[in-house]
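Scroll down for the structure; my scribbles are underneath it.
Read the figures in this text as sums done on the coordinates, not as results from a lab. Since we're looking at a predicted model, the values are computed, not measured. Note that we place each Cβ from the backbone using ideal geometry, even for glycine, and neighbour counts take in every protein chain shown.
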Amino acid sequence: MMDAKTLSLLLQSCVCTAFLVVVLLKPWSAARLDAFRQRVFALRDELFDYAADGNISFDEPAYRLLRQSMNGMIRYAHQITFFRVMMTMVEVKLMIHAPKSNWSEEWRFAVENIPDPNVRSTLQFFHGRSMQLFANRLVMGSPFLLALVIVAFPFFALRTGWLNLKTIVKKAAMFTVSHTVNTSLIENEAAAEAIS
């Protein structure tokens with residue numbers, strides 16, 4: 001049985017630990033948000049440089065759609081949480097909130113109409129990188145999704161033969177997000193919010 005002094009020290013330790021966790025989580029959350037926005041800014045700048053080098057016209061629909069999606073991610077990065085994404089999916093399923101646009105279909109059509117296969121694959125690569133950033137933001141902010149990634153990790157590790165740890169983690173995160181979240185719905189929302 002604990003005496004009063006030991007119980008008091010235990011209680012003080014618990015309160016201090018809880019306070020420390022709260023104090024550390026707020027700056028960590030803000031730092032994650034800033035880092036995500038900075039990475040999307042950098043990716044958007046790479047896309048701009050690619051177009052400025054004459055590889056694609058600034059008026060090309062695929063370029064404009066991809067830039068619009070990235071702008072939406074930057075603007076509404078603070079809303080990229082597992083809870084908000086799930087609520088958006090529920091709203092759409094119940095038709096409380098109908099999607100404002102069909103960005104995914106427009107994107108698919110615009111990319112298919114690019115005559116140069118190198119430009120097409122480069123834009124798809126930029127899109128894949130933006131979705132990877134989205135997936136990382138979502139997974140690292142959700143203990144539930146993080147647990148699913150940890151469960152998926154051994155599957156991808158065995159499948160790829162431990163060739164590259166970073167690639168395995170990325171594939172596990174993308175697999176988890178793509179099987180948990182309707183990413184095309186989220187892209188539609190981000191693009192619609194970027195316009196408004």
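Quick rundown of the values:
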| read-out | value |
| --- | --- |
| Cβ-based exposure ranking for E60, E105, in which fewest neighbours within 10 Å come first | E105, E60 |
| Which of E46, E106, E112 has the fewest Cβ neighbours within 10 Å, and the rest in rising order | E112, E46, E106 |
